[in-house]
Amino acid sequence: MNSQQIPLATQDKPLPGFIPGDLAWHLGMILRGHQTLFAQAVEEIPCSVRGYQMLSTVVHHDPANQQALGAHLGIDRTVLTYLIDDLVTAELVDRIPAPTDRRARKIIATPKGLELLQRLETRVAQAEQTLLTGLDSAETSALAGLLGKLSMSVHSSQPGANPCEAMDHLG
């Protein structure tokens, strides 16, 4: 099995309550709703959702260098350069020499970038709450736990996968 394939389930029966293929429809609808609300919440940042994800990753995950940032987000290095350029031009991030290798660059948030991220995180949280309106708090908590577990399982089987590609294929 190559790294892009997900192992088939060993069960001989479909998911309980689902006709085979229904899971894809449900996930697609959720992703479409999330994509719409998320994009609206972060529309003021250059590069929209990708710009937000980059700024958030720089702040919350502190990647060692530009290459580590691209690897974390699954963004090709040539595309990554243009995205970073846009955030630098907007004065949201800076490139500095990486402490471990001065030939490499580390991306850090500027004070303006930190302030914008804080504002956008509030909007993203509100957008996610809007998406989850049909669930009570216990269901929301259970869903968050299950989605985290499932996404890490998929990530383990496809470590280089780019989650943005799934969103790109919806349109």
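Restricting to the range 121-148, and then to whatever is of a type in the set (A, V, I, L, M, F, W, C) and touching a helix residue (DSSP H, G or I) at 6+ places or on another chain (Cβ under 8 Å), can you tell me which residue is farthest from HIS60 (Cα to Cα)? The extreme case among them is LEU135.
Restricting ALA144, ALA166, ALA161 to residues that are assigned to a loop (DSSP other than H, G, I, E, B) and either aromatic (Phe, Trp, Tyr) or at pLDDT below 95 (or both) narrows the list to ALA161. Checking each residue in the range 97-132 for being modelled with pLDDT of 95 or more, over 19 Å from CYS47 (Cα atoms) and of a type in the set (Val, Ile, Thr) picks out only THR130. Output the residues belonging to the range 147-156 that are closer than 20 Å to ALA127 by Cβ and not polar (S, T, N, Q). Within the range 147-156, LEU147, GLY148 qualify.
The values are calculated or read from the model by the stated rules, or taken from the named source; none is laboratory data. Note that the structure is predicted; figures quoted are calculated from it, not measured. Cβ atoms come from the backbone with ideal geometry, glycine included; neighbour counts cover every protein chain shown.
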